[in-house]
1. Can you name the residue in segment 131-187 that is among the β-branched types (Val, Ile, Thr) and out of contact with any strand residue (DSSP E or B) (no Cβ under 9 Å at 6 or more places or on another chain) and is also surrounded by the fewest Cβ atoms within 10 Å (Cβ to Cβ) among such residues?
2. Looking only at residues in segment 1-32 that are part of a loop (DSSP other than H, G, I, E, B) and at pLDDT 75 or above, which one is surrounded by the fewest Cβ atoms within 10 Å (Cβ to Cβ)?
3. Can you tell which of ILE410, ILE438 is assigned to a strand (DSSP E or B), more than 27 Å from the chain's Cα centre (by Cα) and of a type outside the set (Lys, Arg)?
4. Taking only segment 390-415 into account, find how many residues are modelled with pLDDT of 90 or more and either of a type in the set (A, V, I, L, M) or under 17 Å from PRO323 (Cα atoms) (or both).
5. Any idea which of GLY489, GLY465 is out of contact with any Lys or Arg (no Cβ under 7 Å at 6 or more places or on another chain) and of a type in the set (Gly, Ala, Ser)?
6. Just to verify a result, which residue in segment 463-497, among those that are touching a residue at least 40 places away in the same chain (Cβ under 8 Å) and of a type in the set (A, V, I, L, M, F, W, C), is surrounded by the fewest Cβ atoms within 10 Å (Cβ to Cβ)?
7. Among residues belonging to segment 94-112 that are in contact (Cβ under 8 Å) with a residue 40 or more places away in the chain and farther than 14 Å from ASN207 by Cβ, point out the one that is surrounded by the most Cβ atoms within 10 Å (Cβ to Cβ).
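The values are calculated or read from the model by the stated rules, or taken from the named source; none is laboratory data. As the structure is a prediction and not an experimental result, all values here were calculated from the model. Ideal geometry is used to build each Cβ from the backbone, glycine not excepted, and the neighbour counts take in all protein chains shown. Only protein heavy atoms, including side chains, enter the accessible area calculation; ligands, DNA and RNA are left aside. Shrake-Rupley method; radii C 1.70, N 1.55, O 1.52, S 1.80 Å.
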Amino acid sequence: MNKENKSKIKNNETFKRFNQKNDIFNRSLWDKTVKSKKTEKFYNDYVKPPESETRPEGYKHKDYAFRNATWFMSDTFSNIHKNNGRAEGFTDEFKVQKPGTKSKYIFKSNKDLTDEIKIIAKKLGADLVGITKSNPKWIYSHKYRRATNEIKPNKIDNSLNRVIVIANQMDKDLIDTAPSALSGSATGLGYSNDLSNILSLSQYIINLGYKAVPSQNDTALSIPLAIEAGLGEYARNGLLITKKFGPRVRISKIFTDLPLECDKPISFGVKNYCSICNKCANSCPPRAISFDKPSFKQINKSNIKGIKKAVKKITNGEVVFIPTDTVYGIAANPFKEKAVKKIFLIKKRPISSSLILLCSNLKMAKKYAFFNKLSIKLINMFWPGPLTLILKRKPNLNISKLFIASNNTIGVRVPDHNVILEIIKKCNFPIFCTSANITGKKSNINAKSIMKNFKNKKIAIIKDGVTKLKKDSTIIDVTENKINILREGYINKKKINQSLL
């Protein structure tokens, strides 16, 4: 590394939002390494199926005719605004909804509202329904215009902070004919059925006086949202595995401002099963499914970049600047005293100060601290999120002595930020993370300000734009089973008091 590079913060290539232009179907339209006569024929067959009856069963004229008929509803709505360069449901969200009422219908509770939305969704034909937060990580960084080969930033209304994720089963008998042309009719029916579900449910939400943006392949990655909405697990074959239908589902979603309660991700053994079963990889005709363990390696531009480098650095005792839900922080391995000491030196912070432990969930946090009734009540309201709790620490912890306060307390928090949670899970231990600023100075909420304020420090940084909350976490000491606010951050005193009513 030359002197010029040493004077700057080393940028770590980690997780990056996906550019819709790099979707493999879009690449088949512009990327010369993918586009070919075969891909052109693939699309042309949807316009005019081959008429030759000498083709084998499953590839005859009538098979293509039926397959293309199943796509009719999806194709019709997709091409409504074709003259404006839009392909709704594929590269653009749908804009066919009618205006609703100006006044909002008020439900008795968020739970009642959530229960009713799920009932209505199933009445409209949905097989599986889940709710999750609108995670910026899964929203495309850019939209792609197929007609003009242009990209533009993908902007979504910040008030649309909930996503209703719907999964519909695809016809098993049709799928069993794969890899015939006829099997594609299962997909076409799936898209058309999804379309009816999300357009009708979106109109219901709009009629209640709220916002709703129906979406299929456009706007955001569906599988990660479906996993976060508790519809299934991720599998070796790259698909969502559901309990009831396996991978035989189509996924669609609705972005909304309804104050819905979120579902939790589920685990029913798919990950463990996929670690020992290679059936899908053995059976894949083009050998596109890997036999290897999951990896963050980016094979081509249709893959997402991961966070493996950050995990390795923290595990090895290096410090890393990372984004959180509140402000940017400096992360370190709590079991590496040199790393912890480096944090104090960088921040110019007194060694006597206690530090905060970030955990992936309550189960992990309970290994390091004693939780009383008051702490659990606050956790149920604010975790994951911008609340740090000061608790009595458990004895004989094998963590840096610099980490522990003189009164044997410990600060713990579960952040609401997928990158951090993923790093902690991959490290397989909690991480120390304090705000990335010089002690006494304003906290940094973006990577640009960190690079300016720490320009002479050779430290890796994970770039993730401006943090969501832009304010430090609130710190509450509950060691005596009563509220003692040490720092009023994003959660104010009023919200804390209301949570205890």
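1. THR148
2. Result: LYS32.
3. ILE410
4. Within segment 390-415, residues that are modelled with pLDDT of 90 or more and either of a type in the set (A, V, I, L, M) or under 17 Å from PRO323 (Cα atoms) (or both) number 7.
5. Residue meeting the stated conditions: GLY465.
6. Going through the qualifying residues, I end up with LEU486.
7. PHE94
Table: residues versus (1) among the acidic types (Asp, Glu); (2) closer than 29 Å to GLU88 by Cα; (3) open to solvent by less than 80 Å² (accessible area, probe 1.4 Å).
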| residue | (1), (2), (3) |
| --- | --- |
| ILE205 | no, yes, yes |
| LYS211 | no, yes, no |
| ASP218 | yes, yes, yes |
| PRO247 | no, yes, yes |
| ASP257 | yes, yes, yes |
| PHE291 | no, no, no |
